[in-house]
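FYI, it's all coordinate maths here, none of it is from the lab. Keep in mind that this is a model prediction, so the values were computed, not measured. Neighbour counts run over all protein chains shown; Cβ positions are idealised from the backbone, glycine included.
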Amino acid sequence: MITILLIKKQTKKKKLKRIGIFVILYLFATFLIVPYLAPIFGREKIKETEFLQSHSFFYKLANRNYVRPELNNAIGKIASEFEMKNSGIKMVYLDANFPFIDKFPLLPHLSHNDGKKIDVSLIYETQNGQLTNKKPSNSGYGVYENPTEKEFNQASVCKINGNWQYDFPKYLTLGKSNKNIVFSKKGTRDLANLIVKQNEVGKLFIEPHIKTRLNLKNGKVRFHGCQAVRHDDHIHFQLK
Ligand SMILES: [Zn+2]
């Protein structure tokens, strides 16, 4: 009996040791090796500044924060111009791309596979209209700025067409927080307009009712199609 218990304890220890070694190797590779290999694939880590930051450490830990150098330049410019207009407010990024291999998709996104794509958070404000850096979703996805009764409801159209996945990110919030903040029309409009102003940027995806509500006129602002997911919880943009 005692020997059995001892053996069990030992195998548990061995398992823990293996997990420990894996974690150390993973962290070592993620932070000390991958950044030096990514340029071979034409990508680099997003250069963070005080006003350009990831929504959570997860995106960096999972190596989902790689882009082409042209996109890195563009997002750096957008973030600093945005902060100049809206003092202290950050551009917060979500999923970008993996560091290697074109066409290897970053799930659940279909197209984030070439270093040219990035998602950023919408901008929010407090009840009395002050812009804030707080966001309503813990993951960064899935808390929608729903259409009003009078606005066009793309999500229900896609659902009727049988695209069940369109609404799926509502399961990916990992919980909601900051329930007292609201969508900022002015902040999100400023951000979207700065994004499309960049020469490097080819397209911006946002839900049609938000496009109308924010009066976004630039031809780069497009509808992503029912085969994608809803874009009233984040903005997607990409290089030409
Ligand atoms: Zn995207």
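Quick check: anything in segment 166-173 among the charged types (D, E, K, R) and in contact (Cβ under 8 Å) with a residue 60 or more places away in the chain? Let's see the steps before the verdict.
Looking only at segment 166-173, we keep the residues that are among the charged types (D, E, K, R), and these are 167, 170.
From the residues that got through so far, the ones that are in contact (Cβ under 8 Å) with a residue 60 or more places away in the chain too are 167.
Yes, segment 166-173 contains at least one residue that is among the charged types (D, E, K, R) and in contact (Cβ under 8 Å) with a residue 60 or more places away in the chain.
Does at least one position in segment 84-105 carry a residue that is free of Cβ contacts under 8 Å to residues at least 12 places away in the same chain, closer than 30 Å to VAL143 by Cβ, more than 16 Å from the ligand (Cβ to nearest atom) and under 15 Å from the mean Cα position of the chain (by Cα)? No - not one qualifying residue is present in segment 84-105. As a summary of the residue check, GLY225 satisfies the conditions (1) touching a residue at least 40 places away in the same chain (Cβ under 8 Å); (2) more than 22 Å from GLU83 (Cα to Cα); (3) of a type outside the set (Lys, Arg) except for the one numbered (1).
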